[in-house]
Amino acid sequence: MTDLYLPPCCPALNHRWPLPQTLTGVQLVSAAFDPALLGGEDFSRCAIAPVPGVAKRQSEYLAGRLCAREALRRLTGVADVPTIGSDRAPQWPNGLVGSITHGKGWAAAVVAQRSDWRGLGLDVEQPLPASRAERLAAEILTPNELLRLQALPAEQRAWRVSLTFSLKESLFKALYPLVLRRFYFQDAELLSHTEGDSARLRLLIDLTGDWPAGCELDGQFAAVDGHLLSLVSIPA
């Protein structure tokens, strides 16, 4: 395969699987990026359609698409770049599923064949500071999750809120292409998790006949380069 152009703002791609549980047939590519190094011709040189916005928005979008392009190339041999749908979600080539995420200076994409995986949801977050986590807890956590939060030592509470936030974002990304319906933080709950490994989530509302309230899904998570990365995967 011929190497593709990478701009100074995103000069290298990482093919290492960063999560605790590897998934058969899934490609995950990540990259660090620097908005200050974004150049005026970077989109055209990468053959990626530009998006409006400030350098931060443009560079995170570009880095995410570069990760997606490489993940697709590693999976299929074709360096496709997902476009943006009318609902702002990435549009993957026929027969494929995937997810793109970006945080402060870090982006990643995950892709697989639809015959192997029905849905993939990837999310990266910076762990919330304690004061912000306390302010946002009631928006992110269900009443049951809030009760469990109260039992934790103060130093663990912000991490739990951050983890729940990220896993619910990953859950939405995995399920939305299947149900084409938006749902929110209070519509699912984190049932359990092991430290630095796996998690179990449950839907609290009916989305479709295939995804009624009570459905449970698996997730996993890890600390990566100062970020919290989570993935929800739905087998075929």
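The values are calculated or read from the model by the stated rules, or taken from the named source; none is laboratory data. Bear in mind that the values here come from a model prediction, so they are computed numbers and not experimental data. With ideal geometry, Cβ positions are generated from the backbone for all residues, glycine too; neighbour counts draw on all protein chains shown.
Numbers below:
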read-out	value
Residue under evaluation residue 73, criteria (1) over 24 Å from residue 126 (Cα atoms); (2) free of Cβ contacts under 8 Å to residues at least 60 places away in the same chain, criterion not met	(2)
Number of the exception - residue 87 against (1) surrounded by fewer than 13 Cβ atoms within 10 Å (Cβ to Cβ); (2) more than 22 Å from residue 167 (Cα to Cα)	(2)
Residue, surrounded by the fewest Cβ atoms within 10 Å (Cβ to Cβ), within segment 52-78, restricted to residues that are in a loop (DSSP other than H, G, I, E, B) and at pLDDT 95 or above	77
Contacts under 6 angstrom Cβ, first residue in segment 82-96 being farther than 16 Å from residue 110 by Cβ, partner assigned to a strand (DSSP E or B), 6 or more apart	83/91; 85/91
Residues (in contact (Cβ under 8 Å) with a residue 12 or more places away in the chain, exposed (fewer than 11 other Cβ atoms within 10 Å of the Cβ) and under 22 Å from residue 170 (Cα atoms)) located in segment 17-41	24
Elements of type strands (runs of 3 or more DSSP E) in segment 82-149, at least 1 residues being under 14 Å from residue 69 (Cα atoms) and modelled with pLDDT of 95 or more	96-103, 106-113
Residues being closer than 20 Å to residue 229 by Cα and touching a residue at least 60 places away in the same chain (Cβ under 8 Å) - total across segment 167-181	7
Qualifying residue in segment 42-51 (condition: polar (S, T, N, Q) and either part of a loop (DSSP other than H, G, I, E, B) or closer than 24 Å to residue 169 by Cα (or both))	no
Index of the failed condition, residue 166 passing every other in (1) modelled with pLDDT under 95; (2) within 15 Å of the chain's Cα centre (by Cα); (3) not hydrophobic (A, V, I, L, M, F, W, C)	(1)
Elements of type strands (runs of 3 or more DSSP E) contained in segment 156-236, each with 3 or more residues being touching a Ser or Thr at 6+ places or on another chain (Cβ under 9 Å) and surrounded by fewer than 18 Cβ atoms within 10 Å (Cβ to Cβ)	216-224
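Yes or no, residue by residue, for (1) within 17 Å of the chain's Cα centre (by Cα); (2) of a type outside the set (Gly, Ala, Ser):
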position: 80; (1), (2): no, yes
position: 87; (1), (2): yes, yes
position: 110; (1), (2): yes, yes
position: 115; (1), (2): no, no
position: 119; (1), (2): yes, no
position: 125; (1), (2): yes, yes
position: 129; (1), (2): no, yes
position: 132; (1), (2): no, yes
position: 138; (1), (2): no, no
